[in-house]
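Values quoted throughout were computed directly from the atomic coordinates according to the rules given, and no laboratory measurement underlies them. Source: prediction; values computed, not measured. Reconstructed Cβ throughout: ideal geometry from the backbone, glycine too, with neighbour counts over all protein chains shown.
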Amino acid sequence: MSAQLQRRYDVVIVGGAVIGSAAAYFLSENRNFTGSILVVEPDSTYENAQTTRAQNSIREQFSQPVNIQISQFGMDFLDNFHENTQVNGEAPLINFRGTGYLFLSEDPAHLAVLERDSTLQRTHGAEVRMLAPRSISEEFSFLDTSSLVGARMGSSREGSFDGWSLLQGFRSRAEHNGVTYLTDRVVRLVRGDGGRITSVGLESGRSVSCGHVVNAAGPRAKLIAAMVGLDLPVEPRARTSFVFDCPTEIPGNVPLIITPEGVHFRREQHHYITGAVPVDDTAVDYDDLTTRRDEFEDLIWPVLAKYVPQFDQVKVITSWGGQYAYNVLDHNLIIGACSLVPNLIFANGFSGHGLQQAPAVGRGISELITYGEFRTIDMTALGYERIQKNEAFVENVVI
Ligand SMILES: Cc1cc2nc3c(=O)[nH]c(=O)nc-3n(C[C@H](O)[C@H](O)[C@H](O)COP(=O)(O)OP(=O)(O)OC[C@H]3O[C@@H](n4cnc5c(N)ncnc54)[C@H](O)[C@@H]3O)c2cc1C
């Protein structure tokens, strides 16, 4: 649906999926921000957005304290989701299930890293436990622990939720607050004095003057940065998801389990959902959302059956292709402006953890635009400056 357009908006957000809508939501909820907001999004069904192709989980088990804080705020936001996003007393159901994440280890050196990070995670308020193979068997009797040396288990503050509801909650409330969503595509950013962007050119031929521009274009973020001559080390990487059935009932909690081979799986209602890092993990075309069906048989299934003997017999019931907006420098998000184009705010490079980071990132963008600084979680270390200096701020726990 096309909206009636003003000629100028204080903030133009490029991309209206979960990150763009989180930014619109938090700006429009911020009493100290009184400006106008336009969200430009070409795909009103979100069929090709990564937000609707994700596996919808949230965890505290990161290796960087700032990422732990970001997800903890994400969890707090989900806790109060109905209150946070209601419009006329109604809000989508977020349906959070706190199963925890279980990281398995077969190698003492890898286990030492899990243990080292568990100390850091606990220092930052995450309830994680190291488990010896015997404790793994006791708690998760369906797992074959014969090759394992240990594991790290998170708390019920980790789990899965409805990602579509998160997006809808942000968007409905933002629109209710007066944010304009426009079905169009940004094709040009025009710069004026001091390098600032003065207007945004749209595919429809229209042009909108702007105060700030937020880059929330997901895997296409690099193309937006290139419109003002900046580089972003963000590229699309293919990720295929599979939902399968297992004829044998597995009783009890099946957390989100990450194997040393890079395969992850969890229970999804009466089914299971899984995926893996592809063997050839390189950049793909922006439009490439191919489902790489061979991955299940070649890569995933043997690993599933190794750890869960019942998974020797499974049936794939659906699968779909997606993309990570992969930050090749350090697998971490890039948030904030750049001195060369001071009114362009990045929110890019989520490398597979953008859904859970959306609340903190949306709030951070609102703070940057309203106050010129972070006021709650200090995300300065995740800024664009490190990209300019080519200094990595690495997140090790990427699934
Ligand atoms: C298989 C898979 C599993 C995942 N699992 C998880 C998970 O368990 N937990 C988690 O936290 N995250 C997960 N993610 C990551 C998460 O989906 C993303 O980080 C998040 O959805 C990113 O949101 P986004 O708004 O930045 O990008 P997107 O959802 O891709 O949205 C970007 C939007 O920008 C629009 N756009 C692009 N170019 C333009 C333009 N020129 N003008 C205007 N608009 C434009 C697009 O149409 C699109 O709607 C997963 C991702 C995948 C692929």
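With only the Cα atoms considered, the chain has a convex hull volume of 136 Å³ per residue. For the pair Arg188 and Ser135, label points projected 7 Å from Cα toward Cβ lie 6.2 nm apart.
Largest mean-square fluctuation among Ser118, Ser339, Ser366, in a Gaussian network model of the chain whose springs join Cα atoms under 10 Å apart, belongs to Ser339.
Taking the Cα centre of the stretch 180-250 as origin, work out the dipole magnitude from +1 charges on Lys and Arg Cβ and -1 charges on Asp and Glu Cβ, in debye rounded to 20.
For the stretch 180-250, the charge dipole is close to 360 debye.
Note on the chain: with a GNM built from Cα contacts shorter than 10 Å, the maximum mean-square fluctuation among Lys389, Lys222, Lys306 falls on Lys389. Judged by the gyration tensor of its Cα atoms, with axes a ≥ b ≥ c, the stretch 21-90 is oblate; a/c meets the 1.5 cut and b/c is at least as large as a/b. The C-alpha atoms of the chain define a longest principal axis, and helix 354-371 lies at about 30 degrees to it.
Taking +1 at the Cβ of each Lys and Arg and -1 at the Cβ of each Asp and Glu, which of Ser339, Phe311, Ser351 sits farthest along the dipole of the stretch 256-399 towards its positive end, judged by Cα position relative to the Cα centre? Projecting each Cα onto the dipole axis, the largest value belongs to Phe311.
Cα centroid separation, the stretch 158-203 to the stretch 93-135: 35 Å. Computed from the Kirkwood radius of its Cα pairs, the Stokes-Einstein diffusion coefficient for the stretch 241-368 at 20 °C and 1.002 mPa s stands at 126 µm²/s. Charges were assigned to the Cβ only: +1 to each Lys and Arg, -1 to each Asp and Glu. The resulting dipole of the chain about its Cα centre is roughly 1020 debye. Along its principal axes, the stretch 356-399 has C-alpha extents of 30, 26, 12 angstrom, given from the largest down. Given R0 = 51 Å, the distance between the Cβ atoms of Asn32 and Glu249 translates into a calculated FRET efficiency of 0.45. Taking Lys and Arg as +1 and Asp and Glu as -1, the other residues whose beta-carbon sits under 12 Å from that of Val284 total -3.
Its alpha carbons give the stretch 157-267 an Rg and a Dmax of 20.8, 66 Å.
For an R0 of 41 angstrom, estimate the FRET efficiency from the Cβ-Cβ distance between Ala392 and Leu5 and round to the nearest 0.05. For R0 = 41 Å, the calculated efficiency reads 0.50.
Rounded to the nearest 10 degrees, the angle from helix 163-176 to the longest Cα principal axis of the chain is 20 degrees. Placing a label point 7 Å from the Cα of Ser207 along the Cα-to-Cβ direction, the residues of the stretch 4-24 whose backbone N falls under 15 Å of that point are 7-9.
Which net charge results when you count Lys and Arg as +1 and Asp and Glu as -1 among the other residues whose beta-carbon is under 15 Å from that of Leu120? Residues near Leu120 contribute 0 overall. Cβ crowding within 10 Å ranks Tyr286, Tyr46, Tyr181 as Tyr286, Tyr46, Tyr181, fewest other Cβ atoms first. Computed from the Cβ-Cβ distance with R0 of 30 Å, the FRET efficiency linking Val316 to Asp43 stands at 0.65.
Label-to-label distance, Asp281 versus Asp144, with points set 7 angstrom from Cα along the beta-carbon direction: 2.5 nm.
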